[in-house]
Amino acid sequence: MSSVQIRALKPIEPIQPRLKRRPLGKMLVERGFIKTSDVLVSLGHQRISDAQLGHLLIAQDLISEYELFETLALQHNLPFLTLQTSSPDLDLQLFLPPQECLRLHCVPWMKDKNGTVLAASSPEQLAIAIQEMPSQLHPISGAIASPQDINKTIRASGDHLLAIRAETLVPDALSCRALPAQLKTILAITIPLFLTAVLLKWVTLVGLYQAFFGFSVAMVCLGMALKSSAVAVEMFTRKITDQKRLSLPKKLPCISILIPLHDESEILDALLQRIGLLNYPKSLLDVILVIEADDFATRTNLENADLPNWMRTLIVPPGNITTKPRTMNYALPFCIGDIVGIYDAEDAPHPEQLNEVVARFAAEPEQTACLQAILDFYNARSNALARFFAIEYATWFRLILPGISKLGFAIPLGGTSVFFRRNILEKLHGWDAHNVTEDADLGIRLARAGYRTRLISSVTLEEANNKAWPWIKQRSRWLKGYLITYFTHMRRPLRLLFELGPWKFFGFQAFFLSSISQYMLAPLIWSHMLLYFTAREWLEAAIPAHLLSTIIIAFIFMWLTSLVTYMIAVTRKLHRHLMPWTLLMTLYMGLGTLAIYKGMWELLTRPFYWEKTAHGHSEHDLAQAPSDESESSLSRVTNATEI
């Protein structure tokens, strides 16, 4: 983090405690740090936010942290501690876990003749923290220190513990940590049994073929039924939903935004510009750029960057794994906002997005724990692969996902532009650090705990992965994560049924089984279509002719249904140029087949390996700006699930 510039301070004159303390703003003016007009403007801003006066002044770059907290200590007649003037006794933190220190915004600093000196960033927080200190630290006296110095002190001795905690935050019963060993054990038992059954002719090859083909047909039909139902529900309910206007609450909350970075130095400048366009009070923004310790290029660029006061960096120490969810788990205790959001490095969120998030959370009950924005691409015209990807995203985020929500099923979250009530996110233990699709997993865990996810109309533009091999690597991670998520939650199917209920349990099965099998079984379906028209007698040797014809007709019907769905998804002005490309989507889906087999192999060999997606290869296409349909819900909102 950049060093704090400290101006020469006027001598501090000790004051005697008074019944009524002198106003902080007046003291800052008297000490020559700010002007009276600055205080008046900040007090006006304070009327519409939960921010304290000092934080408003810092966010506007009117004073430094040193000046604010030194004056705050003077106001309350408390000692002011800094790392430059006093060395903390790190052994004192053995009595209090680092995550608790972060939660309480305090740290045991040192011992003196009166006992333990506890440093906090505010007198109010100091009073709360003293009540929760372990008996070994009493008696306790208070002091004031800046949040920056408090966090540095906590990390000086607690970084290793925080890193371990980030990897094991989700309980074993809900984590995929032990899944690979369990799958290998199952395979070690089932494969020999299967081979024995074939050799002893307990089952015939024709019977196996019929069973496998029957399962393939069932999965394709199940997936098509789910998607068609979701699309139909979304199409028929969108226009009849009552219009209503959402308004911002009288007091705006603080929002923490986590942006995990790894080898993103090429797009760092663009990222900072895009986040700076967010139209939300900067005094209520807590943007944390989270970086792996070994990412020296990005770290160097950030050290040389002129970051605003509402943006900070956080270095994640090395661990046993390197995944995005581990990074976010490490950063979560450092968040100060009531709402926690996630952006990726290449994201370009709509400027009004945070306003819509705040308004939606204010209008929803506490049970609504998560909001998901629409994801789209700003480089959808770059090449054919990007166009196919854009069609897929338009279909998913604008038709299928809102339809699944309206059907009452659990929503597998996207990995970015997703926002949580912080208290609920912490209650659910954050993200599973070992799951490479931590977003989908968390969406299911939210549903299992009885919470809801709602969709909002705001759009975030991303960069479409428009090169074949990088696309396959990215998709293999997603599909491997789907396999991991499905097997993890199905380890105790009865418990899952009890927590989700029959309807959501059915939706869980339909979504994950069909999503995985549509790629895995695609070669079998295609080969049957080819053989039906070229060597039909081979198929009729195993499948009755009338049944085979019915299945082929059903396949053709489902292909046409998918084609119509793609066309509906791109009828908006923003996507109309993609209409001719919908005819070739079957070719695009073939890449997914390569990805699923790559993901299945990695599930057994490298289950927790995070296949990094490279960004920064495409320019931001202004023609893809979502201005025509991502209008903020502050001016046009229909309901919690309409897109």
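The numbers here are math on the coordinates, done by the rules we state, and not lab data. Keep in mind that this is a model prediction, so the values were computed, not measured. FYI the Cβ positions are ideal-geometry reconstructions off the backbone, even for glycines, and counts take in every protein chain you see.
Straight-line reach from Lys573: which lysines have a Cα under 30 Å away, not including same-chain ones fewer than 8 places off?
Partners within reach: Lys227, Lys239, Lys244, Lys406, Lys467.
About its Cα centre, what dipole magnitude does the chain give when the only charges are +1 on Lys and Arg Cβ and -1 on Asp and Glu Cβ, stated in debye to the nearest 20?
Details: 61 positive and 58 negative charges, 296 e Å.
My answer is approximately 1420 debye.
With each label point set 7 Å from Cα along the Cα-Cβ vector, what nm distance links Leu94 and Thr534?
For Leu94 paired with Thr534, the spin-label model returns 7.4 nm.
Stretch Val206-Ile164 to full length: gain in nm at 0.36 nm per residue minus the Cα-Cα span?
Values: separation 42, 0.36 × 42 = 15.12 nm, distance 5.13 nm.
Fully extending the segment from Val206 to Ile164 adds 10.0 nm.
Expressed as a whole number of Å, what is the distance separating the alpha-carbon centroids of the stretch 262-280 and the stretch 423-474?
For the stretch 423-474 versus the stretch 262-280, the Cα centre distance is 20 Å.
Helix by helix, which DSSP H runs in the chain go 27 Å or more along their axis at the Cα atoms and have an average Kyte-Doolittle hydropathy of 1.0 or more?
Once both thresholds are applied, what remains is 179-199, 205-238, 545-569.
If I stretch the segment between Met27 and Thr196 completely, what's the gain in nm (0.36 nm per residue apart, minus their alpha carbon distance), one decimal?
Values: separation 169, 0.36 × 169 = 60.84 nm, distance 8.50 nm.
That works out to 52.3 nm of additional length.
For Phe236 and Ile556, FRET efficiency with R0 = 35 Å and r from the beta-carbon atoms, rounded to 0.05? Let's see the in-between values first.
On the way: r = 25 Å, r/R0 = 0.71.
FRET efficiency, Ile556 to Phe236: 0.90.
Pull out a ≥ b ≥ c, the square roots of the eigenvalues of the alpha-carbon gyration tensor of the stretch 499-586, then state rounded if a/c is under 1.5, prolate if not and a/b is larger than b/c, and oblate in the remaining case.
It is oblate, given that a/c is not under 1.5 and a/b is not larger than b/c.
PRE reach from Glu266 (point 7 Å along Cα→Cβ): which of the stretch 460-496 fall under 18 Å by backbone N?
Within reach of a label on Glu266, which here means backbone N under 18 Å from a point 7 Å along Cα→Cβ, the stretch 460-496 contributes 462-475.
Expressed in nm to one decimal, what extension gain is obtained for the pair Ala293 and Ile336 from 0.36 nm per residue of sequence separation less their Cα-Cα distance? Intermediate values should be presented prior to the final figure.
Values: separation 43, 0.36 × 43 = 15.48 nm, distance 2.24 nm.
Stretched out fully, the Ala293 to Ile336 stretch lengthens by 13.2 nm.
Under 12 Å from the Cα of Lys282, which aspartates and glutamates turn up, not counting those fewer than eight places away in the same chain?
Lys282 reaches Asp61.
According to a simple spin-label model (label point 7 Å from Cα along Cα-to-Cβ), what is the distance in nm between Ala363 and Ala178?
Here the answer is 4.5 nm between the modelled labels.
Given Pro544, Leu455, Ala433, which one lies farthest toward the positive end of the charge dipole of the stretch 414-569, if we put +1 on the Cβ of every Lys and Arg and -1 on the Cβ of every Asp and Glu?
Sorting the options by dipole projection puts first Ala433.
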